[in-house]
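See below for the structure under consideration.
The values are calculated or read from the model by the stated rules, or taken from the named source; none is laboratory data. None of these values were measured; they are calculated from a predicted model. Using ideal geometry, Cβ is built from the backbone for each residue, glycine included, and neighbour counts are taken over all protein chains shown.
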Amino acid sequence: MKIFQNFDLKERNTLGLRAQAKYYAEPESVEELKSLLSDDLYRSTPKMVMGAGSNILFRGDYEGFIIHPSIKDIRITDEDAGYIYLRAGAGVVWDKLVEYAVDRGWGGMENLSSIPGCVGAAPVQNIGAYGAEAKDTIFKVEYLLYEGLVEKTLLGNECRFGYRDSIFKRELKGKGVITYVTFRLSKIPSINAEYEDVKLAMNGVSEPTVFQVREAISSIRAKKLPDPAVVGNAGSFFKNPVVSKSLAMQLKESYPDLKLFPAGEGECKLPAAWLIDKCGFKGSRTGNVGVHANQALVLLAFEGATGEELINLSKTIIKTVKERFNVDIEPEVNIC
């Protein structure tokens, strides 16, 4: 395992921001990870785990050690009459795992097609789209604690999953590295195709398969989201805000075209893209940064953009949405 110094991160983050890591490594196994973390030279060095760099915004250089787990094996660990238990390394590309499952007819991941990133990030962020979340299929998560290099396992119901949230963003943040995730996938899929965009993309297919759902969602995302190879972006920059039902109904009365989504007792989830669009940001550009013309949740980093430019744009959007709708929105990306 090679350890790089002053490693250029521009090609390792989908925003394409210029930054360097003091140290960088890609351990390919738990053993290599333990060897790295037990080295006295790096024991006291600040550490950050990074997957595909698709959900991160660098303010500048990172004066520590960036670890990219590159554990990439996939295997079935168990199965019964109804389910397959699929264990995947943290370094497996998320969409490759979805493709692997869908190609075999296993259900549960298809609505999360074409989401960038690696498997290890899925439980941290509890990634979600089109009515599904990672928590719906996560059976257990294995991780390595920095302290004592102890291997631990949490069952899915112990991960305290919430909307774009988990125990790994709270109590366990910065305390270890996810190494493997095991998913429980259905042999008899229950199709979730209720989102309007998905229905339209499938042109009224009466009994869609997981493969058709995946194709439809991949097509939708390709039209809405820009290619990071063309212009820097981190996908959805903001979370959809959850507000009280009373505030949601007040807004609905003033704006009949606003869509509301249930979010627990007495609460509703609002589409952040709609709020941002209504504030006039969609398709706008300021200096080297802007807002995507097809999806207002996506902030763009053009060549020469800096992290501070993006942060300033996001602050302007947050302030404007608050002033107009009395709704707080917050970034989904990790700012460091």
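Before moving on, here are some points about what is shown:
- Qualifying positions in segment 39-77 - polar (S, T, N, Q) and within 15 Å of VAL124 (Cβ to Cβ): SER54, ASN55
Every residue, every condition in (1) surrounded by 15 or more Cβ atoms within 10 Å (Cβ to Cβ); (2) at pLDDT 95 or above, yes or no:
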residue: LEU41; (1), (2): no, no
residue: SER44; (1), (2): no, no
residue: VAL49; (1), (2): yes, yes
residue: ILE56; (1), (2): yes, yes
residue: ASP61; (1), (2): no, yes
residue: GLU79; (1), (2): no, yes
residue: TYR85; (1), (2): yes, yes
residue: ALA88; (1), (2): yes, yes
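- Members of segment 116-141 found to be surrounded by fewer than 19 Cβ atoms within 10 Å (Cβ to Cβ) and out of contact with any helix residue (DSSP H, G or I) (no Cβ under 8 Å at 6 or more places or on another chain), listed by number: ASP136
- Within segment 216-237, the set of residues being without any contact (Cβ under 8 Å) to a residue 24 or more places away in the chain and of a type outside the set (A, V, I, L, M) comprises SER219, ASP227.
- Applying a threshold of 9 Å to beta carbon distances and a minimum spacing of six or more residues, or different chains, the list of pairs starting in segment 238-259 at a residue that is assigned by TED's automatic domain parsing to the domain that holds GLN295 and in contact (Cβ under 8 Å) with a residue 40 or more places away in the chain and ending at one that is of a type in the set (Asp, Glu) and part of a strand (DSSP E or B) reads VAL242/GLU267; VAL243/GLU267.
- Taking segment 14-125 as the region of interest, the helices (runs of 4 or more DSSP H) fully inside it that hold 1 or more residues being assigned by TED's automatic domain parsing to the domain that holds GLY174 are 94-103, 122-125.
- Only helices (runs of 4 or more DSSP H) whose full extent lies in segment 179-272 are considered here, and the ones with at least 2 residues that are buried (at least 17 other Cβ atoms within 10 Å of the Cβ) and out of contact with any Cys (no Cβ under 9 Å at 6 or more places or on another chain) are 196-201, 210-224.
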